[in-house]
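Have a look at the structure below before the remarks.
The values are calculated or read from the model by the stated rules, or taken from the named source; none is laboratory data. As the structure is a prediction and not an experimental result, all values here were calculated from the model. Cβ sites come from the backbone with ideal geometry, for glycine too, and all protein chains shown count toward neighbours.
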Amino acid sequence: MILDDAIYVELVIRELGDEIELYEEFCLFRTAEENRRKEKGLDPHVEREEWLTDKRAALHARMRKRRGKRSGSGSWRLHW
């Protein structure tokens, strides 16, 4: 049973690898953008939702593109 669980964990990590990587990129972007705005003397929360929404949209587009490449290359997908 423990081996089965370990295999599932490995499969899930592989499947979500791109999403995890892009989420980390988003977090780094958010911090860097807030710091950049502070350094310029700007309030980092003004228009925050707009620039975060733009970044989220770009990263979601990259996720969809990567998923399309993976599914088109004959790789497996998890189905629950």
Where residues in the range 18-49 are of a type in the set (K, R) and in a helix (DSSP H, G or I), which of them is modelled with the lowest pLDDT? R48
Output yes when any residue across the range 41-53 is surrounded by 11 or more Cβ atoms within 10 Å (Cβ to Cβ) and touching a Leu at 6+ places or on another chain (Cβ under 9 Å), and no when none is. no
Please work out if R66 is modelled with pLDDT under 85 and surrounded by 11 or more Cβ atoms within 10 Å (Cβ to Cβ). yes
Consider the range 16-49. How many of its residues are under 18 Å from the mean Cα position of the chain (by Cα) and farther than 17 Å from K65 by Cβ? 9
Would you pick out the residues in the range 1-40 that are surrounded by 11 or more Cβ atoms within 10 Å (Cβ to Cβ) and acidic (D, E)? E15, D18, E19, E21, E25, E33, E34
The range 9-23 residues that are of a type outside the set (F, W, Y), paired with ones that are surrounded by 11 or more Cβ atoms within 10 Å (Cβ to Cβ) and modelled with pLDDT of 85 or more (beta carbon under 7 Å, 6 or more apart): D18/M63; E19/M63; L22/L59; L22/R62; L22/M63
